[in-house]
Structures are given as structure tokens and as C-alpha cells.
Amino acid sequence: MARRPVIAGNWKMHNLQADAIALTNGLMAELKAEDKAALPEVVIAPTFTALYAANKALTDCGCGKVKLAAQNCYFETKGAFTGECSVEMLKDAGCEYIIIGHSERREYFGETDEMVNKKAKAILANGLIPIICCGESLEQREAGVTDYHIASQITKALIGLTAEEVAKSIIAYEPIWAIGTGKTCDSIEANRVIAMIRNTVKGLYDANTADAIRILYGGSVKPETIKEQMAQSDIDGALVGGASLKADSFAQIVKGAM
Ligand code: PGA
């Protein structure tokens, strides 16, 4: 089955509203000449405070080539949870995707596998698509526990989800040592881990579900690396940090996935 590629830009804690509008408009100008049907699914993930501005820029353009994601959510629907945003609120702000379990959230904000699982359920229950991140640290890689760790993160993230829900979801494999370091994971190795994730999904569900789920690579993806990454059998796209902050480099990555 042909899986539609996904290129998602994780802006992290960057961009005021004016920057978000400029970057969104810049990206759309770069993609203007491209045929929408030929493009991968293009997603941008601004901070909460820039979601409205980015969504307005996308809506005003009306080309439908770029979709909106949030970088986090809370799994409860409403209530006394100071500082949090529910999935329904993010949907209301224009989001169609939500990134969960990013290593920075796990490391700095105590996000656990159990929370990732609850968030995935809440996102899917609202009709949005979770982008579920996983990845090993350098210590884990050197200790030879990469596959065990990743399979465990994925298994726990998917607890209680139906095959249909999993088929719609997106996983991002992001080795922590490759994030923001300029040190991209070798494409063959990234593909090996991603194929292992797909096989884990097959074991938990079935071959059709494993075949349908999109699994991205993330960690220092650049315009120069995307073609080789996309040429691999199991890599379905990229979650891009640093290189998504400039319209031209992000657009080059998008075009590299066509
Ligand atoms: P990077 O970040 O592309 O800057 O390495 C990727 C990510 O953390 O999603």
C-alpha cells in the first residue's frame, strides 16, 4: 500500500505571532507553484500562542496545502488544570494533528508513556491525528537497548487503541542524540529502527495496520538529507525542528519528499 508522506515542522518555543504569520506566508509562497495532489501532507506546529495567527494565515491563503498541529495537549476534556489545553480547544484553534511524547516533553516536563497513551486516546476520540514521538538516548543506544526501548514506548503508547485508530496515527522515530545536534541518524539505521517499529505494530495488531501507519524520522533533518531518507523502504516522512524555522529550507524538505 502506498503511504502518503508527511513532512511536519516542529517550531518548538520559537516565533511570536508576527513571525508565525511571516513564516506561514513564506512557506505558502514557496509551495505556490506545486500541485497540491503531488505534495506530501505538510504540517506546521507553532506554539499555542501563535496557533491563531498561523491558522488565520493558512485560512486566508485558502490553498489547503499546509495543515496545523499543536506541540502538546492535555488528555482531560475541561476543568481545573491550570496552564493546560484540551484537544477540543486545539481543534477549535484549527489543529488537525497534535505532537505527543516528544523527548523534550518527556525529559523536561515529565511526560510518561502513560500520559502519551491517554493523550493519543483523547486526540483520536476528537478526530485528530496524534504524532507519537519515540526515541532512544545515546546511553541507551550504546548499551544496545535501542530496539527494546522503542518497542516498549510504542507498545505503551498504543494500549487500548483500535486497529483503525492506529492505522490513522503517525509515529515519529527521533533518536534523542540526533535532535538539534546536526548529527543525523544514518538513513539505513533509521530505516531499520522504523521497520522494527512497523513490525511491532504488526505484532500488536495486524499486517494491514502496520502497512497503513505512517512512521517519520526526526533528528537534524535538512534539505540535503531528505532525499536519501525518503528513498528508504519504511521512512514515510520527517519531523523537522531547526530546518522548519526558515520557509525556504522547510519548503526544500517538503519538495524533497515529493
Ligand atoms: P531538529 O529537531 O530537526 O532540530 O533536530 C527535531 C525535533 O525535535 O522534532
| said: Could you list Glu111, Glu136, Glu34, Glu142 so that the one with the fewest beta carbons within 10 Å of its beta carbon is first and the one with the most is last? | reply: Glu142, Glu34, Glu111, Glu136
| remark: Using alpha-carbon positions, the gyration tensor of the range 1-129 gives root eigenvalues a ≥ b ≥ c; with a/c under 1.5 called rounded, otherwise prolate if a/b exceeds b/c, else oblate, the class is prolate
| query | When Lys and Arg each count +1 and Asp and Glu each count -1, what net charge do the other residues less than 13 Å away from Gly182, Cβ to Cβ, add up to? | reply | +1
| note | Summing +1 per Lys or Arg and -1 per Asp or Glu among the other residues with Cβ less than 14 Å from Lys119's Cβ gives -1
| request: Could you let me know the centre-to-centre spacing of the range 232-255 and the range 100-124, using Cα atoms, in angstrom? | output: 23
| query | Restricting attention to the range 157-258, which chymotrypsin sites (Phe, Trp or Tyr not before Pro) occupy a DSSP loop and are surrounded by at most 10 other Cβ atoms within 10 Å? | reply | none
| Fewest to most neighbouring Cβ within 10 Å: what's the order for Glu41, Glu88? | Glu88, Glu41
| task | Answer rounded, prolate or oblate for the chain, using the Cα gyration tensor with square roots of eigenvalues a ≥ b ≥ c: rounded when a/c is under 1.5, else prolate when a/b is larger than b/c, else oblate. | result | rounded
| message | Mean-square fluctuation check for the chain, GNM, Cα pairs under 10 Å: which of Arg198, Arg214, Arg141 is largest? | response | Arg141
| query | With a 10 Å Cβ neighbour count serving as the proxy for reagent exposure, in which order, fewest first, do Cys85, Cys134 appear? | reply | Cys85, Cys134
| request: Only helical DSSP H runs with n ≥ 4 go in: add -39500 (n - 2.57) per run for the chain, normalise by residue count and round the 222 nm mean residue ellipticity to 500 deg cm²/dmol. | output: -13000 deg cm²/dmol
| request: Quick one: which residues, 5+ away or cross-chain, put their amide H under 5 Å from the amide H of Val6? H built at 1.01 Å from N. | output: Glu41, Gly237, Ala238
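The numbers here are math on the coordinates, done by the rules we state, and not lab data. Predicted, not measured: the structure shown is a model, and the values here were computed from it. Note that each Cβ is placed from the backbone with ideal geometry, even for glycine, and that neighbours are counted across all protein chains shown.
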